[in-house]
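Participant: Before anything else, here's the structure in question.
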Amino acid sequence: NAGVTQTPKFQVLKTGQSMTLQCAQDMNHEYMSWYRQDPGMGLRLIHYSVGAGITDQGEVPNGYNVSRSTTEDFPLRLLSAAPSQTSVYFCASRPGQSNTGELFFGEGSRLTVL
Amino acid sequence: AQSVAQPEDQVNVAEGNPLTVKCTYSVSGNPYLFWYVQYPNRGLQFLLKYITGDNLVKGSYGFEAEFNKSQTSFHLKKPSALVSDSALYFCAVRDRGGGYQKVTFGTGTKLQVIP
C-alpha cells in the first residue's frame, strides 16, 4: 500500500542551486499535483497534470518546472532555488475527471533554501 | 474564482466536549466540499466530503460536517472530542463543473483538545 511516495523528505539547498523533488503513485491516478504549504497560507497549487504528457500551471508556478512522462511519476524541478522557496512541498493525486474523489497526499518534502 | 475561509486559526476544546471547526466557501457554481486532517510532520488525510444529497455528511473518526448552501458553509463537527483529534484541519472546495477543476484549500485551523 505505497500510495503517493515523495523523495527526499528533507533537503537543504544554497541559493541558486537546482534540484528535483520526486513523486510517484501506484494507484493509476490520472490527476497529479504539487502544492506548497506555508504558515498562515494553507496549501497553494504549483503545477498539476491530468495525464501523461499534459501539465498546467497552478497559482504559484514561477520558479518551478514539471513534466509527466508516465502515469506514475510527476517530478517537480526547482531551476534556481531562492529563499522564498523554503517550504513544505506535497504531491497529491486522484482518479480521473469523472470521479468526485478526494486527493491522496504524500508525506511531504521539507525544503530549506539558504 | 473560488475561495475558502477558515476564520479561526486555532480552536481549543476540552476532551469530551463537542467541537466545531468553521469553514465558508465561495464558488461560481455548485461545490464539492472536503475536509482533510494533518498530523504533525505528515501529509494530509481525507476525512469526509460533500458531493450531493444529504446535507449532513459523516466521515472518519466520528467526524461529521453539515453543508449549508444558503450560508455557504461546511462546518466540521464531532460530538465528543478526543486528545488524539488534536491536529491541523483543512477545508477545501472544488467547483462542480466538468473537467479537472483545481481544489482550493483554506488556511487551516489548529485544533487543540485539552485533557
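Participant: Once the other residues with Cβ under 13 Å from the Cβ of B:ASN12 are scored (Lys, Arg +1; Asp, Glu -1), what is the net sum?
Facilitator: Cβ neighbours under 13 Å give a net charge of -3.
Participant: Can you give the mean number of other chain Cβ atoms that lie within 10 Å of the Cβ atoms in peptide B:34-43?
Facilitator: Mean shielding count: 4.
Participant: Another question, if that's okay. If the cut-off is a Cα-Cα distance under 24 Å, which lysines reach A:LYS9, setting aside same-chain residues fewer than 8 apart in sequence?
Facilitator: The reachable lysines, counting only those whose Cα sits under 24 Å from A:LYS9, are B:LYS110.
Participant: Also: Above 14 Å lies some portion of the pair distances; for region B:63-115, what is it as a whole percent of all C-alpha pairs?
Facilitator: 65
Participant: With a cut-off of at most 10 other beta carbons within 10 Å, and DSSP calling the residue loop, which trypsin sites (Lys or Arg not before Pro) in region A:1-70 qualify? Please list them.
Facilitator: A:LYS14
Participant: Net charge near B:GLY62: determine it from the other residues with C-beta under 13 Å of the C-beta of B:GLY62, scoring Lys and Arg +1 and Asp and Glu -1.
Facilitator: With Lys, Arg at +1 and Asp, Glu at -1, the net is +1.
Participant: Within straight cross-link reach of B:LYS102, meaning Cα distance under 15 Å, which aspartates and glutamates are found once same-chain residues fewer than 8 apart are removed?
Facilitator: A:GLU30, A:ASP56, A:GLU59, A:GLU102
Participant: Now for a different question. Just to confirm a number: summing +1 for Lys and Arg and -1 for Asp and Glu over residues other than B:GLY108 whose beta-carbon lies under 14 angstrom from that of B:GLY108, what do you get?
Facilitator: +2
Participant: Under the definition of partner shielding as Cβ atoms of other protein chains within 10 Å of a residue Cβ, what is the mean value for peptide B:49-55?
Facilitator: Neighbouring Cβ atoms belonging to other protein chains average 1 per residue here.
Participant: Something else about it: Mind checking the mean number of beta-carbon atoms from other chains within 10 Å of the Cβ atoms in A:29-41?
Facilitator: Across the residues of A:29-41, the mean count of other-chain Cβ atoms within 10 Å is 2.
Where a number appears in this text, it was derived from the coordinates with a stated rule and is not lab data. None of these values were measured; they are calculated from a predicted model. Methodologically, a virtual Cβ is constructed for each residue, glycine included, from the backbone with ideal geometry; neighbour enumeration extends over all protein chains shown.
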